[in-house]
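Since every read-out is calculated from the coordinates, none of them should be taken as a lab result. What you see is a predicted model, and the numbers here were worked out from it, not measured in a lab. As a convention, Cβ positions derive from the backbone with ideal geometry for all residues, glycine included, and neighbour counts pool all protein chains shown.
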Amino acid sequence: VRVPIWGRPALAGAVIGSIGLWFPQVLGVGYQGTVEILELSYPTLFLCGVLLAKVVAMGLALGSGFCGGVFGPALLLGAGVGSLLAVAVQALGWDLPGGAMAMAGMAAAAAAMLGAPISTTVIAFELTHNYAAMVPVMAAVAAASLLMSMTKHPSFFRWQLAQRSVDIDHGRNQTLWRVSSIDSAVSPLVPWAQECSPGQHEDCLTHAWVAYSQGDGAIHCFSRGEDETVPTQAIEHDTSVYGALHALELSQALALLVTDGGRPSGVLRRDRLWREAARLVGDARVRETGVN
């Protein structure tokens, strides 16, 4: 069923409210429900219902455009899964404290979200002041961090940033330049002659850039116009601003020839490229702060 975008929050809110009539623990951030799980306040079947209801409610809220995140719900889900794991192990005859396992599950979920194992362990202790639970908490945090380190992104929040083409390892400016095009900084080429025969090569060099050579020996030339800077290296037109800056740094050139599939399409001068890079950073700051 297709629902207009303006109607999605209302529909999702109605469904979440209905779920909340049966499982009020899923409403809001979920901290109260997390505390009650840590205190082993729920029967096993009811806890399963709470976890399922929380997953459904969180998916509806995020999918319909509600404001909010996943950190609070992750704590509740982690604590619930840890508590259920303790119940399963106890059914096998092993004496495993349910509260400590719930806390370990909560800490593991937080570690996977934040990518900060030491801080997560300290936070878990500050919340409970339970020294006895520290060993399973540290083991769970270490396991969660190890598993996340085997993936492309060390935390869920880093994965979210990657979906927006943001890599905090490179810094904000470099990340912005990596996803920005050089198009607005490229100057078009003005044809000086469609083709120059090999015998006209010297004359072509005097008045133009020798920019493109076909297999038959014909040379395509383009007028220098007012710019006497001769490009010594070529880049493709879909190169990012960061890629162009890197190419200029390696070649120490004052300009780059821009090509489209190997055929010349423009020239990119160093000064125009740096102005474009500065403009991108300035525009980003205006969007973030509202101050020009």
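In this rough spin-label picture, where each label sits 7 Å from Cα along the Cβ direction, the ALA91-ASN173 distance is 5.9 nm.
Potential lengthening of the chain between VAL122 and ALA284 amounts to 54.8 nm, from the contour at 0.36 nm per residue minus the alpha-carbon distance. Cα centroids of the stretch 258-281 and the stretch 1-71: 49 Å apart. Round to the nearest 0.05 the FRET efficiency obtained for PHE46 and ALA10 when R0 = 25 Å and r is the Cβ-Cβ distance. Efficiency at R0 = 25 Å is approximately 0.30. Applying both filters, DSSP loop and at most 13 other Cβ atoms within 10 Å, to the chymotrypsin sites (Phe, Trp or Tyr not before Pro) of the stretch 61-124 gives TRP94.
Backbone amide hydrogens, once placed in the peptide plane, bring THR259 within less than 5 Å of ILE235, GLU236, HIS237, SER265, excluding anything fewer than 5 places away on its chain. In plain terms, the C-alpha convex hull of the stretch 118-161 casts an average shadow of 3.3 nm² when viewed from every direction. Altogether, the Stokes-Einstein calculation at 10 °C and 1.306 mPa s, with the Kirkwood radius of the stretch 61-130 over Cα pairs as Rh, returns a diffusion coefficient of 122 µm²/s.
Phi angles across the stretch 153-160 convert, under the Karplus curve 6.51 cos²θ - 1.76 cosθ + 1.60 with θ = phi - 60°, into 3J(HN,Hα) values of 10, x, 7, 5, 5, 5, 5, 4 Hz, Gly and Pro given as x.
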